[in-house]
1. Name the pairs whose Cβ atoms lie under 7 Å apart, with the first residue in region 75-89 and on the phi < 0 side of the Ramachandran plot, the second among the β-branched types (Val, Ile, Thr) and surrounded by 14 or more Cβ atoms within 10 Å (Cβ to Cβ), and 6 or more positions between them or separate chains?
2. Go through Pro131, Pro155 for me and flag whichever is in contact with a Leu (Cβ under 7 Å, 6 or more places away or on another chain) and surrounded by 18 or more Cβ atoms within 10 Å (Cβ to Cβ).
3. Limited to region 10-53, what total is found for residues that are in contact (Cβ under 8 Å) with a residue 60 or more places away in the chain and over 25 Å from Gly142 (Cα atoms)?
4. Take Gly89 and decide whether it is within 30 Å of Val151 (Cβ to Cβ), open to solvent by less than 50 Å² (accessible area, probe 1.4 Å) and either β-branched (Val, Ile, Thr) or at pLDDT 95 or above (or both).
Amino acid sequence: MLQRMSGVFIGAFFGTVFVVANAHDPLNPAIGIALRVLAVLTFAGLLTLALLAGRRGGPAPDDAEAPQADWFRGKFAFVVGAEAVLLIGGNLALRAAGAPEQTAVAWIALIVGLHFVALMAVWKRRSIAVPGATLTALGATGLGMAATSAVAWVPFVSGVLSGVALLGGCAYAITHTYRSTARP
């Protein structure tokens, strides 16, 4: 359970970062602050729920998505390495092409989403397909918006909404784990 939860914590942390870093103009400042506070509180709540699940007892019962023996080696390392190269190389290429600065968050969302789609195949975890597809779509949408008069909204669409998708996916995983540790 620890390996699975570490992946969920990473996702929840970065979901929180997506919201905190991108909940700004053109949003109303009060809405931006509310979204940041809600993201941080959600992260704290997920952390608390995961710790409670850990105290309840052993690992979640076996199911169709049983944890792998070692999640963070081999193909995982390849996927994360490719993700890093694409994040850095893509952002450098976007800058060199004169793309608006807002495209950075859209590119990040796109690549992070694709990384989840790849990890779905590596880990054989269908549960990460929804956040992966969602982030991929929000990133692609933001890249498309960057060429329009709606460019100022790219951080909200590709950043804040991606953060909400990550936090939601992590909430699903942690809630499922918490419920599976309930004693009859």
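1. Note: pairs meeting the criteria are Lys75/Val122; Phe76/Val122; Val79/Val122; Glu83/Ile111; Leu86/Ile111; Leu87/Ile108; Leu87/Ile111.
2. None of the others qualify; the one that does is Pro131.
3. Residues flagged as in contact (Cβ under 8 Å) with a residue 60 or more places away in the chain and over 25 Å from Gly142 (Cα atoms) within region 10-53 amount to 5.
4. Details: within 30 Å of Val151 (Cβ to Cβ): yes; open to solvent by less than 50 Å² (accessible area, probe 1.4 Å): yes; either β-branched (Val, Ile, Thr) or at pLDDT 95 or above (or both): yes.
Considered against the rule, which asks whether it is within 30 Å of Val151 (Cβ to Cβ), open to solvent by less than 50 Å² (accessible area, probe 1.4 Å) and either β-branched (Val, Ile, Thr) or at pLDDT 95 or above (or both), Gly89 comes out as yes.
A quick yes/no check of all residues on (1) polar (S, T, N, Q); (2) crowded, with 21+ Cβ neighbours inside 10 Å; (3) within 16 Å of Leu138 (Cα to Cα):
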{"site": "Val85", "(1), (2), (3)": "no, no, no"}
{"site": "Ala93", "(1), (2), (3)": "no, no, no"}
{"site": "Ala97", "(1), (2), (3)": "no, no, no"}
{"site": "Val105", "(1), (2), (3)": "no, yes, yes"}
{"site": "Val117", "(1), (2), (3)": "no, no, yes"}
{"site": "Val122", "(1), (2), (3)": "no, no, no"}
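The values are calculated or read from the model by the stated rules, or taken from the named source; none is laboratory data. Computed from a predicted model, the values in this text were never measured in an experiment. Neighbour counts run over all protein chains shown; Cβ positions are idealised from the backbone, glycine included. Protein only, heavy atoms only, side chains kept; ligands, DNA and RNA dropped before computing areas. Shrake-Rupley method; radii C 1.70, N 1.55, O 1.52, S 1.80 Å.
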